[in-house]
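The values are calculated or read from the model by the stated rules, or taken from the named source; none is laboratory data. A quick note: this is a predicted structure, and the numbers were derived from the prediction, not measured. Cβ placement follows ideal geometry from the backbone for every residue including glycine, while neighbour counts extend to all protein chains displayed.
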2 protein chains.
Amino acid sequence: MIYTLTMNPSIDYFVTLSDHLLIDEVNRTIDENFKAGGKGLNVSTVLSLLDVSSIAIALLGGFTGEYIKQSFLNNQYIHLEPIEVEGTNRINLKAHYNHSALCINGKGPLIDENTKHELLKKISKITKNDWFVISGSFPEGSDVDFLIEISQLVHSKEANLVIDMEKITKDTLQKCKPTLIKPNLYEFGLIMNNPNISLLNIKDEMKKLNTLGVKQVLVSLGEDGALLLDNNQFYRLEQEKINAVNKVGSGDAMLATYLAKMISTNDICTSLRWAGAAGIAVASTLENINFENIQQQLNKVTVTKI
Amino acid sequence: MIYTLTMNPSIDYFVTLSDHLLIDEVNRTIDENFKAGGKGLNVSTVLSLLDVSSIAIALLGGFTGEYIKQSFLNNQYIHLEPIEVEGTNRINLKAHYNHSALCINGKGPLIDENTKHELLKKISKITKNDWFVISGSFPEGSDVDFLIEISQLVHSKEANLVIDMEKITKDTLQKCKPTLIKPNLYEFGLIMNNPNISLLNIKDEMKKLNTLGVKQVLVSLGEDGALLLDNNQFYRLEQEKINAVNKVGSGDAMLATYLAKMISTNDICTSLRWAGAAGIAVASTLENINFENIQQQLNKVTVTKI
């Protein structure tokens, strides 16, 4: 079974403004759309498009938490395991106007020791060879120490750990020893504490993580595709240029699809190709995507061992 | 009985940013707070602080509408009369950072003929001498013609009509013939199609509206207080300078308090003094206010016939 964990879920509030942005005046939207989200839940959603079941653990509270809960009720592939928290899940505003975007992300509820205890109790139900995916940001009240505690619990169950979180350093990853991570290039620079990583030196940097105990490193590179390191072997994903209109959720789609295909085929090249197609499918539209949208992008991507 | 009508309710999402505003990057909040609102509902809320009952008609839909509904359940002075609409009530973002504020107001649901019909049915229950207050913006699907239809229905019941709406012109007001309007100086300029109204010429402009059939004209002037015209008599509200931290809801508080006191005392000077105090109380804080907060401001305002 695949588990996803979203510690700080959100409702994404996509709005379009009629004009440029006015400070100290009222801006008005011409279009608006709510979408229950959070990176772990996004992973579960993309898994469900591929007919892959997952158990989505999420910390939910308030009227926004209720909306998130309701949004996943009718998805037969997602079993939501909510943990009730005090406070109200955040709303992340994504405002589009002209060719710019304004993102204001909420902070979300404070989580307490009880909530952490309940979360660890739920995680302790996973079994050998399960996959446990932790995505997104830390809520207030939690930090890398808690992530390390979760990681140790996952390893004690002999399950596979995937981490796709912000504010993670290589030191933390050395302690967590995930099977797979999927930063983008910017996040990878933060992990390695090196802002000057480019395609010229990225391979050496990825190898360092390998040495520290991260089995597979998948770095998404936006329109440049992605690079994967597994067992000293690099895989290069390249893609045709597309007109990207959406920056939200493309990396989550890539991760979910890679995972789903690895579990079913155990073939890295095939899995990475599907992952690239899913990333393109999400980036190409502001709408929700389906399986066909992913499949249609397969001819735009190639994967080679390098 | 006082009725308030909010055709386009909202949840105000107050957030504070840690830093200046970044375009095309993710901004993060350090504090956030949800508040069920909309101008008519704000009027009902302030009336309730004065122990005055009202019936609040509001068009509600989606998870945000449910939150608004729940927010008013426990207020013994507000009887909420929801009209269910398709779609989802909007969220209005109010982001504070440094000394600036960014407001992004949603559009809200489209209302259809059925909804309008149901609304008119509810309004037809009002009786002689009731007060009917219409506040806020038009939702998509409605316009001034619908406002005129509502106005005629209110008059046919021999009830009193109060209008505090955006995008109203003097031609519309001539057709609606409200007992009272309460624009601020900027809105008053839009009504009169004259952007150059100042304290020098405002009295002549207010008289014009009187002639067109608006019985009382109350123009709020921010820190300059307010000016009221009734039956060819002007009343000047002046106030001490305050440190205004909140621009939202001050005018609604002024209107609600003026109305409540006029109904109980029929004394314009007393009512206007309380109205000024309520405006100050709201403008002075980002928190919810209570009766004592209003009362404490009374010594900061004076009213004179001029």
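Does at least one position in region B:95-109 carry a residue that is in a strand (DSSP E or B), in contact with a helix residue (DSSP H, G or I) (Cβ under 9 Å, 6 or more places away or on another chain), facing another protein chain (nearest Cβ under 10 Å) and within 18 Å of B:D12 (Cβ to Cβ)?
Keep residues of region B:95-109 that are in a strand (DSSP E or B), which gives B:95-97, B:100-105.
Going one step further and asking which of them are in contact with a helix residue (DSSP H, G or I) (Cβ under 9 Å, 6 or more places away or on another chain), we end up with none.
Looking through region B:95-109, none of the residues is in a strand (DSSP E or B), in contact with a helix residue (DSSP H, G or I) (Cβ under 9 Å, 6 or more places away or on another chain), facing another protein chain (nearest Cβ under 10 Å) and within 18 Å of B:D12 (Cβ to Cβ).
Among the residues of region A:36-62, write down those that are surrounded by fewer than 20 Cβ atoms within 10 Å (Cβ to Cβ) and closer than 23 Å to B:T29 by Cα.
Of everything in region A:36-62, just one residue is surrounded by fewer than 20 Cβ atoms within 10 Å (Cβ to Cβ) and closer than 23 Å to B:T29 by Cα, namely A:G62.
Looking at region B:1-53 only, could you name the residues that are more than 16 Å from the chain's Cα centre (by Cα), outside any strand (DSSP E or B), of a type in the set (S, T, N, Q) and within 14 Å of another protein chain (Cβ to nearest Cβ)?
B:S18
Scan region A:234-248 and tell me whether some residue there is surrounded by 17 or more Cβ atoms within 10 Å (Cβ to Cβ), modelled with pLDDT under 95, within 27 Å of A:P9 (Cα to Cα) and aliphatic (A, V, I, L, M).
If we filter region A:234-248 for residues that are surrounded by 17 or more Cβ atoms within 10 Å (Cβ to Cβ), which is where we start, we get A:235-237, A:239, A:246, A:248.
Remaining after also requiring modelled with pLDDT under 95: A:239, A:246, A:248.
Applying the additional criterion that residues be within 27 Å of A:P9 (Cα to Cα) yields A:246, A:248.
In the following step, the residues that additionally are aliphatic (A, V, I, L, M) were identified as A:248.
Within region A:234-248, one or more residues are surrounded by 17 or more Cβ atoms within 10 Å (Cβ to Cβ), modelled with pLDDT under 95, within 27 Å of A:P9 (Cα to Cα) and aliphatic (A, V, I, L, M).
Being at pLDDT 95 or above, touching a helix residue (DSSP H, G or I) at 6+ places or on another chain (Cβ under 8 Å) and in a helix (DSSP H, G or I) narrows it down to one of A:L173, A:L161, so name that one.
From the options A:L173, A:L161, the qualifying one is A:L173.
Output the residues belonging to region A:54-82 that are assigned to a helix (DSSP H, G or I), touching a strand residue (DSSP E or B) at 6+ places or on another chain (Cβ under 7 Å) and within 13 Å of another protein chain (Cβ to nearest Cβ).
Listed by number, the residues that qualify are A:T64, A:Y67, A:I68, A:K69, A:S71.
Of the residues in region A:54-77, how many are among the β-branched types (V, I, T) and over 16 Å from the mean Cα position of the chain (by Cα)?
Matching residues across region A:54-77 total 2.
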